Amino acid sequence: DTGELLWHTPPAIDINPKNPYTAKIDALLVWQGIIYVARYDWKLSAYELKSGKQLWQINASGRADLDLAIDDQALYLSGGHFLRAYGLEYVKMLWEREFDELTGPILLEDGILYLGLFSESNSLMAIDLETGDDLWQVQLGGGDGADIRSLVLNQDVIYVGAHRLFAVSKTKGEILWMSEKTGLLEQPLIVGERIYVRNTETVLYIFDLEAGREIGHLSVQTDEFVGHYPPRGPAVFDDLLIVPFGDERIFFYEIVTNGTGD
């Protein structure tokens, strides 16, 4: 309502001066009045959402590129070669699973955890958290190295942001369609029958949701030393598309169609 600062976490005291990214937040989520924060230096913390009081902080040694998911049973952390589950009440590790590949982003829906794996061919897999069984794993291919940056679920389809945009069936693990190469993509935004997604360079793409056809693209700017930090994807409000442009400006575009979806 007012823009007044309510609280902030204290400054990190153990930052590596040669690599200040050690204090960078890789992932955060809010669950039942608590905000969980995973940092580049593999510190996992919990704060009261209203007061900012730190409830706990633990070390989860490994490497960066962390992601979080949560349900009533556990807090799930992916990063390095591991997928780990932590108890919500006692903050102890419940289990961990090690992979040959580096783990990437995770997505949780109805007891199924979807996990991106970084490899030469890249893959997406589904794990039943109740039984621990692997339901399916699909190779996304591309030969672009560790590309999977984001997962977004819309009904029965998972959209994967990599060097292409992929649509994958959440039940069968089948690739429904893939776009042409776009450059490394940030988080896709689904609005109606369209997908808006920005790459880490200078392009915002618009794709058809059903078939992955490129409807158009918009040239934007970038002024970040590392293009994908911080995320600069679009947002939507009513019929406005809000785009961080990259040069200290924010652009507002009216979302219109010509009746054919274009």
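Leaving out ligands and nucleic acids, and using a 1.4 Å probe, what accessible area per residue does the chain come to in Å²? Let's see the in-between values first.
Details: 14240 Å² over 262 residues.
Dividing the accessible area of the chain by its residue count gives 54 Å².
How much of the accessible area of the chain, probe 1.4 Å, is carbon plus sulfur, in whole percent?
Working: 7200 of 14240 Å².
Using a 1.4 Å probe with all protein chains present, the chain comes out at 51 percent carbon and sulfur.
Any chance you could run the full-extension gain for Ile58 through Asp156? It's 0.36 nm times the residue separation minus the Cα-Cα distance, nm to one decimal. Present the calculation step by step, with values, prior to reporting the outcome.
Details: separation 98, 0.36 × 98 = 35.28 nm, distance 3.54 nm.
The Ile58-Asp156 span can extend by a further 31.7 nm.
Sticking with the crude label model, points 7 Å out along Cα→Cβ, report the distance from Ile175 to Asp100 in nm, one decimal please.
With each label point 7 Å from Cα toward Cβ, the separation is 2.0 nm.
Near Ser179, within a Cβ-to-Cβ distance under 12 Å, what is the net charge of the other residues, with Lys and Arg +1 and Asp and Glu -1?
Around Ser179, the charge tally is 0.
Using a cut-off of 19 Å between alpha-carbon atoms, which aspartates and glutamates can reach Lys170, once sequence neighbours fewer than 8 places away in the same chain are excluded?
Cross-link targets: Asp71, Glu109, Asp110, Asp128, Glu130, Asp133, Asp134, Asp156, Glu193, Asp208, Glu210.
Please calculate the 1.4 Å probe accessible area of Ile34, with all protein chains present, and give it to the nearest 10 Å².
Approximately 40 Å² for this residue.
Could you pull out every one of the lysines with an alpha carbon less than 28 Å from that of Lys92, ignoring same-chain neighbours closer than 8 positions?
List returned: Lys24, Lys43, Lys50, Lys53.
Kirkwood-based Rg over Rh for the chain (C-alpha set), two decimals? Walk me through the numbers on the way to the answer.
Working: Rg = 19.0 Å, Rh = 19.8 Å.
Value, to two decimals: 0.96.
The values are calculated or read from the model by the stated rules, or taken from the named source; none is laboratory data. Note that the structure is predicted; figures quoted are calculated from it, not measured. Virtual Cβ from ideal backbone geometry, glycine too; neighbours counted across all protein chains shown. The area values use the complete protein model at the heavy-atom level, side chains included, leaving out ligands, DNA and RNA. Shrake-Rupley method; radii C 1.70, N 1.55, O 1.52, S 1.80 Å.
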